[in-house]
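Below you'll find the structure, written out as structure tokens, and then a few comments.
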Amino acid sequence: MATITLSVPDNLKSQMDKVTIINWSSVARQAFTQQIEDILELQKIKKIREISEIAKDDNREVKKDYFEKLKKIAKGPHKKMTIEDLDRMIS
């Protein structure tokens, strides 16, 4: 298994040290895994959009549908995505 070094603010590290029942490496692995899964799902959605050849004027409703799907897959402590964020990602 590979090793990485992760920097966190001192106050966060202090709080983490107080909670000894948590395996912080496992928490980080799970977060990394979820982030990768989310990115792969976004790439699939983008590819579907490219294949579907949706007219520029018609894609607002499709973006709303994608946005609703993304809300379902966006689990964890991620920044909440807005419809404008999605618009920038798939335009």
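No lab work stands behind these numbers, since they all come straight from the coordinates. Bear in mind that the values here come from a model prediction, so they are computed numbers and not experimental data. Counting neighbours? That spans all protein chains shown, and the Cβs are built from the backbone with ideal geometry, glycine included.
Details
- Where a label projected 7 Å from the Cα of THR3 along Cα→Cβ would reach, residues of the range 22-46 with amide N under 17 Å: 24-26, 29
- For peptides 36-47, 3-14, 20-31, sequence by mean Cβ density within 10 Å, most packed first: 36-47, 20-31, 3-14
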